Amino acid sequence: VGCEDGSVQLFHVVPGGVQYERSLERQQGRVLCLAWHPSGARIATGSVDHLRVLDVASGRAVQRIMVNYHSPKGKTPECVVWSVAFLASGAVASADSFGRLQFWDWDTGTLLESHAVGASAALSLAVSEEEDSIVVGTSAGATYQFQLLPVKMGSQEKRWVRTKPFQYHTHDVRAVAHSPTALISGGLDGQLVIRPLMERVQKKGYEAALRKFTFPHRRLVSCARKARLLLFQFSQHLELWRLGSTNESGKDGEVLPVCRVPEHLVQLKSKGPEHIYCSCVSPCGGWIAYSTASRFHLYRVHYEGDSVSIEKVPNVPKLPLPAYQLQCSADSGSLFVASDEGSVHVLQLLEPGGCKHLHTLRPPSGTPEAVYLLAPSADGNWLAAASGDWEIHVYSLKRFKHHCVVPTYSCAVTALAIHPVTNNLVIAYADQQLFEFSIPEKQYTAWSRTVQNDGLHKAWLERDSPITHIAFNPKNPSHILLHDVYMFCVLDKSLPLPDDSASLMNQSALKQLPATARKRQLHAFKICKKFQPLLFADLLDENCLVMVERPIMDIKTQLPPAIQQKKFGT
């Protein structure tokens, strides 16, 4: 760990945290970045105007390199070293505020190579595992790839060459990573961009697609269906809103006047600097729970007419933290807390305002991974839990015992839900595949086997945004409601699956056809892209669907101004 006082402190990583070992020799100036040599024997640090190399065994600095130049005309501007990397060859790569990528010999302290990345500051860099490629992020929103290439064909001498510039961000690129097949960058504009390296991708498919992610692939909105409330999770506070209503009805596409406007009821601030990791509101709206990295909080909400009061529940059972997912049962009587090592803690919510620990559910084989997705059944009999090792365990809540495990699929789970009528578990995976598993029968359903045999539509599988929520319509058991950030879909299991020659989004075309021709072209997928970006969608009752958008412009207006760049011809 590099510190403001110029020291580098070593910690041992131990189960459950870190343990302080010792501090290395303190240097002048703040330590802004550091990197280990692959051997673990040395550490390179970057600060204002200087690079230093520390010997881990002795704790002393063995090299001090000045990266700034001295101007003969007077005061020299400060050069801030924002990022460093220590190569196995002994070279230290540095990215600085002058917009340079430089390579230094740590032993002699001499400059090996210097490359001007751009007119703006170079903020971050990452090296590939083979150390033949480097990605650099700048303050102008650009990322650049440098490759170690022979000076000429057949030559053993190699030099670093800037090969590929990319402009996918509008603001500072503060973080970059280099995977075996892609360059990954994270910007101040809130976007995570994965740019595949086509020469390293074996075949055209999901890995070969450029992907941009603006919102996290986890639930930030909770719905209290019975009370018609929504709980919004922000980084350090929660907001509880009551939905508006209307007495009117109309045609498709019409905007109806509201007789009651949405009402902001409660804002709950989290104490301390920690971000809120997960939260939920009970279906009745009477309980709110949230967790940070080190604290778990439970609140009782009281409604008296138009007034709302909230009180903290005392003496909450001590649980291993953080909680990775919180979920209430359909009857609001239990709270499920997803935890480490595949465990799920079951808390009983007591009137007028208390709780007690009932049981801890664990997989029989054990796992070091945490549970990150929960799905309770509407009848209160079952609970499905997905962990980081991609396994899904189903538990009986009547006997508090493990019931079965879903066959492991070679991809991460992005959403799961239990059908309220059939108790079938519907699972969405990161590669866009859909499965339906019968909990009572402990096997995949006939419909699920048909989907795997026939395959899903090519356009569905090539989507780059994962399904983040699954819901059902009790009035029509054959309907499955799915959504990602860019679309809302009603999947009708009673209709045939489309083949690749059919149009996946055909609703507008179907409206123009006569009834007989329409029936021939009907298929299972009904997709709506009217609401974007879509953070949440769920069915309140048989006739009401709630959707939550998060307009991109709301986020961009809160960002600092982007660096103005001169464009040719303007």
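The values are calculated or read from the model by the stated rules, or taken from the named source; none is laboratory data. Just so you know, these numbers come straight off a predicted model, no measurement behind them. Because the Cβ atoms are built from the backbone with ideal geometry, glycine has one as well, and the counts that use them run over all protein chains shown. Side chains are part of the model used for accessible areas, which takes the heavy atoms of the whole protein and leaves out ligands, DNA and RNA. Shrake-Rupley method; radii C 1.70, N 1.55, O 1.52, S 1.80 Å.
Contact order for segment 8-213, expressed relative to its length and based on alpha carbon pairs under 8 Å spaced 6+ residues apart, stands at 10 percent. With R₀ fixed at 22 Å, the C-beta to C-beta distance from ASP5 to ALA116 puts the FRET efficiency at about 0.10. Along segment 447-453 the Karplus relation, 6.51 cos²θ - 1.76 cosθ + 1.60 evaluated at θ = phi - 60°, assigns HN-Hα couplings of 4, 4, 5, 5, 4, 6, 6 Hz to successive residues, with x for each Gly and Pro.
In order along segment 338-348, the Karplus-derived 3J(HN,Hα) couplings, from 6.51 cos²θ - 1.76 cosθ + 1.60 at θ = phi - 60°, round to 7, 9, 6, 6, x, 8, 10, 8, 9, 10, 8 Hz, and Gly and Pro are given as x. Dipole magnitude for the chain: computed about the Cα centre from +1 point charges on Lys and Arg Cβ and -1 point charges on Asp and Glu Cβ, it is near 680 debye.
Determine, from the Cβ-Cβ distance of ARG26 and THR450 and an R0 of 56 Å, the FRET efficiency 1/(1 + (r/R0)^6), rounded to the nearest 0.05.
Details: r = 67 Å, r/R0 = 1.20.
The computed FRET efficiency comes out at 0.25.
Scanning residues 5 or more positions from LEU434 or on other chains, none has an amide H under 5 Å from its amide H, with H placed 1.01 Å from N in the peptide plane. Selection among THR163, ALA323, CYS355 by position relative to the dipole of the chain gives THR163 as farthest towards the positive end (Cβ unit charges, Cα centre).
In the structure shown, the pairs LYS458/LYS526; LYS401/LYS442; LYS442/LYS526; LYS251/LYS530; LYS493/LYS519 are assessed against 18 Å; a Cα-Cα span above that value is assigned to LYS442/LYS526. The mean of 1/r over all distinct Cα pairs in the chain, once inverted, gives the Kirkwood hydrodynamic radius of 27.3 Å. Segment 9-45 and segment 246-273 have their alpha-carbon centroids 50 Å apart.
For a straight C-alpha distance cut-off of 14 angstrom, the aspartates and glutamates reachable from LYS556 (same-chain residues fewer than eight places away being disregarded) are ASP172, ASP189.
Measuring with a 1.4 Å probe in the full set of protein chains, what accessible area per residue, in whole Å², belongs to the chain? List each step's numbers first, then the result.
Numbers: 29010 Å² over 570 residues.
On a per-residue basis, 51 Å².
Would you mind calculating the gained length between TYR486 and LYS312 on full extension (0.36 nm times residue separation, minus the Cα-Cα distance), in nm to one decimal?
58.9 nm
Normalised by the residues of segment 218-265, what does the relative contact order come to in percent, with Cα pairs under 8 Å and at least six apart? Provide the component values of the computation, followed by the final result.
Details: 69 pairs, mean separation 13.6, N = 48.
Once normalised by length, the contact order is 28 percent.
Please give the contour-minus-distance gain from ASN476 to THR181: 0.36 nm per residue of separation, less the Cα-Cα distance, rounded to one decimal in nm.
Values: separation 295, 0.36 × 295 = 106.20 nm, distance 4.38 nm.
Net length gain for the segment: 101.8 nm.
Distance from the Cα centroid of segment 466-535 to that of segment 302-332 is 36 Å (rounded to whole angstrom). Once the Cα-Cα distance is subtracted from the 0.36 nm per residue extended length, the ALA502 to GLN267 segment shows a gain of 79.8 nm. Amide H neighbours of CYS355 under 5 Å, at least 5 residues apart or on other chains, H built in the peptide plane: list them. Amide H neighbours of CYS355: LEU350.
Which residues among segment 470-501 fall inside the zone where the amide N is under 14 Å from a point 7 Å beyond the Cα of SER249, along Cα→Cβ? Inside the label zone: nothing. Across segment 549-559, coupling constants 3J(HN,Hα) worked out from phi with the 6.51/-1.76/1.60 Karplus curve, θ = phi - 60°, read 9, 10, x, 4, 5, 4, 7, 5, 5, 8, 7 Hz, and Gly and Pro carry x.
For a protection proxy built on the mean count of beta-carbon atoms within 10 angstrom, sort 178-186, 345-353, 331-339 highest first, please.
Working: 178-186: 18.6, 345-353: 15.9, 331-339: 21.0.
The densest-packed peptide leads the list: 331-339, 178-186, 345-353.
Between amide H atoms placed 1.01 Å from N, distances below 5 Å from GLN27 occur with SER7, all of them 5 or more places distant or on a separate chain.
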